[in-house]
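What follows is a short report on a single structure.
The values are calculated or read from the model by the stated rules, or taken from the named source; none is laboratory data. Note that the structure is predicted; figures quoted are calculated from it, not measured. In this analysis, Cβ positions are derived from the backbone assuming ideal geometry, glycine residues included, and neighbour counts consider all displayed protein chains.
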Amino acid sequence: MSEKIYDTIILGAGPAGLTAGIYCKRAGMDIVVIEKNMPGGQVGTTYEVCNYPGFDKISGIDLATKMFEHASSIGVEVVFEEVKKVNLTDKIKIVETFSGTYLGKSVIICFGAAARKLNLDNERQYIGKGISYCATCDGALYKDLQVAVVGGGNTAIEDAIYLSNIAKKVYLIHRRDEFRAEKALQDSIKKIGNVEYVLSSVVVGLNGNEKIQSIDVKNLADNTVKNIKIDGLFVAIGRGPETDFLDGVNVDKNGYVISDANMCTNIEGVFVAGDIRNTPLRQIVTACSDGAIAATKAYEYIKR
Ligand SMILES: Cc1cc2nc3c(=O)[nH]c(=O)nc-3n(C[C@H](O)[C@H](O)[C@H](O)COP(=O)(O)OP(=O)(O)OC[C@H]3O[C@@H](n4cnc5c(N)ncnc54)[C@H](O)[C@@H]3O)c2cc1C
């Protein structure tokens with residue numbers, strides 16, 4: 001175990017974590033940011049962002065890269081490791097990754113939210129082998145093939161529109177008989193010829209060998225099940241926090257970390273920011289704002 005004790009360990013390098021890193025570093029704190037994937041979090045998987053001030057239109061990957069470069073340019077250290085366990089209740093906080101252990105006087109939890117799964121028995125078996133939770137990341141693999149998108153919100157419709165430009169055919173499967181997505185998106189998708197709606201329906205089975213080859217789809221109106229041949233299945237049914245291993249941190253009934261307006265959790269020296277906390281709005285701008293507040297409060301905490 002390293003003997004070094006950081007002022008703050010920031011968990012996750014999405015917009016919340018990178019902003020917290022920038023504010024902590026500028027305050028002169030000794031910090032490390034731990035990230036399991038690409039820096040930028042969900043922003044890196046977003047096709048286009050049009051509501052982040054200063055950029056009327058910017059690709060998600062460009063914005064994520066700019067945030068990471070900004071943080072790096074002022075010396076924010078990001079290590080690429082997955083956090084597997086934490087012990088946050090003592091004065092010195094312990095964060096364990098699959099490669100090492102980090103000690104900190106304080107912690108800012110910025111793990112964000114992850115895609116919800118369909119919760120089918122063999123779903124994990126096909127992740128990366130036909131099942132994806134990110135159309136902009138994996139869509140290009142399905143050129144001229146058949147894919148299905150599951151969901152009825154903005155992300156599902158955006159994914160279906162995006163994939164319709166790549167795939168030969170896109171099935172859009174939704175459990176209700178109408179979509180929740182914004183009207184403008186619904187109007188756009190209506191004009192596309194290679195998208196077929198499969199409404200009032202849910203995916204009940206995944207079939208294939210090495211890769212997924214077809215899905216069983218149940219019509220909730222008449223209980224019939226039909227088999228649809230596909231090469232790829234894109235799941236866009238929302239996102240949720242992964243807080244199971246944050247022992248001792250209070251979460252609400254949906255698993256979001258409970259915090260006050262200062263981003264304080266129930267544990268002294270443990271702060272939270274971004275999509276993982278119980279907040280009325282989960283956006284880039286609010287994640288950045290949370291990250292700035294959490295960093296400022298972490299600074300005040302370690303100076304006390
Ligand atoms: C498809 C899509 C489109 C969107 N479009 C917009 C938009 O146009 N405008 C807008 O404002 N918002 C948009 N959002 C929402 C926005 O991306 C999020 O609100 C924002 O990214 C939240 O930032 P965050 O830092 O809290 O979390 P995230 O961005 O989720 O970052 C969390 C980070 O923590 C890391 N992490 C998680 N667990 C671990 C672990 N165990 N160990 C190490 N690292 C871990 C993750 O890999 C990730 O990088 C969109 C989201 C999606 C999915």
Notebook entry, point to check: Which number in (1) under 17 Å from residue 263 (Cβ atoms); (2) within 11 Å of the ligand (Cβ to nearest atom) marks the one condition that residue 22 misses?
Noted result: (2)
Next item on the list: Any chance you could count how many residues in segment 63-89 are aliphatic (A, V, I, L, M), within 13 Å of the ligand (Cβ to nearest atom) and surrounded by fewer than 21 Cβ atoms within 10 Å (Cβ to Cβ)?
Entry: 3
Margin query: Out of the residues in segment 93-114 meeting the condition of being crowded, with 22+ Cβ neighbours inside 10 Å and more than 10 Å from the ligand (Cβ to nearest atom), tell me which one is farthest from residue 248 (Cα to Cα).
Written below: 102
Notebook entry, point to check: Going through segment 231-281 one residue at a time, which ones are closer than 14 Å to residue 293 by Cβ, part of a loop (DSSP other than H, G, I, E, B) and either hydrophobic (A, V, I, L, M, F, W, C) or in contact (Cβ under 8 Å) with a residue 12 or more places away in the chain (or both)?
Noted result: 259, 261, 262, 263, 265, 273, 279
Next item on the list: Filter segment 52-62 for residues that are near the ligand (Cβ under 10 Å from one of its atoms) and in a strand (DSSP E or B) and give the result.
Entry: 52, 58
Check: Residues of segment 263-302 being of a type in the set (S, T, N, Q) and touching an Asp or Glu at 6+ places or on another chain (Cβ under 6 Å), which ones?
Finding: 278
Item checked: In segment 30-51, residue nearest to the chain's Cα centre (by Cα) [restricted to those that are modelled with pLDDT of 95 or more and more than 6 Å from the ligand (Cβ to nearest atom)] -> 40
Note to self: Residue under question is residue 103, and the condition is that it be outside the structural domain of residue 255 (by TED's automatic domain parsing) and either modelled with pLDDT of 95 or more or not β-branched (Val, Ile, Thr) (or both); does it hold?
What the structure shows: no
Notebook entry, point to check: Restricting the search to segment 128-177, which residues are crowded, with 19+ Cβ neighbours inside 10 Å, hydrophobic (A, V, I, L, M, F, W, C) and not in a strand (DSSP E or B)?
Noted result: 135, 156, 157, 160, 161, 163, 167
Notebook entry, point to check: With respect to residue 210, is the statement that it is within 16 Å of the ligand (Cβ to nearest atom), under 30 Å from residue 175 (Cα atoms) and part of a loop (DSSP other than H, G, I, E, B) true?
Noted result: no
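Out of 66, 85, which single residue is part of a helix (DSSP H, G or I), farther than 14 Å from residue 298 by Cβ and within 21 Å of the chain's Cα centre (by Cα)?
The unique qualifying residue is 66.
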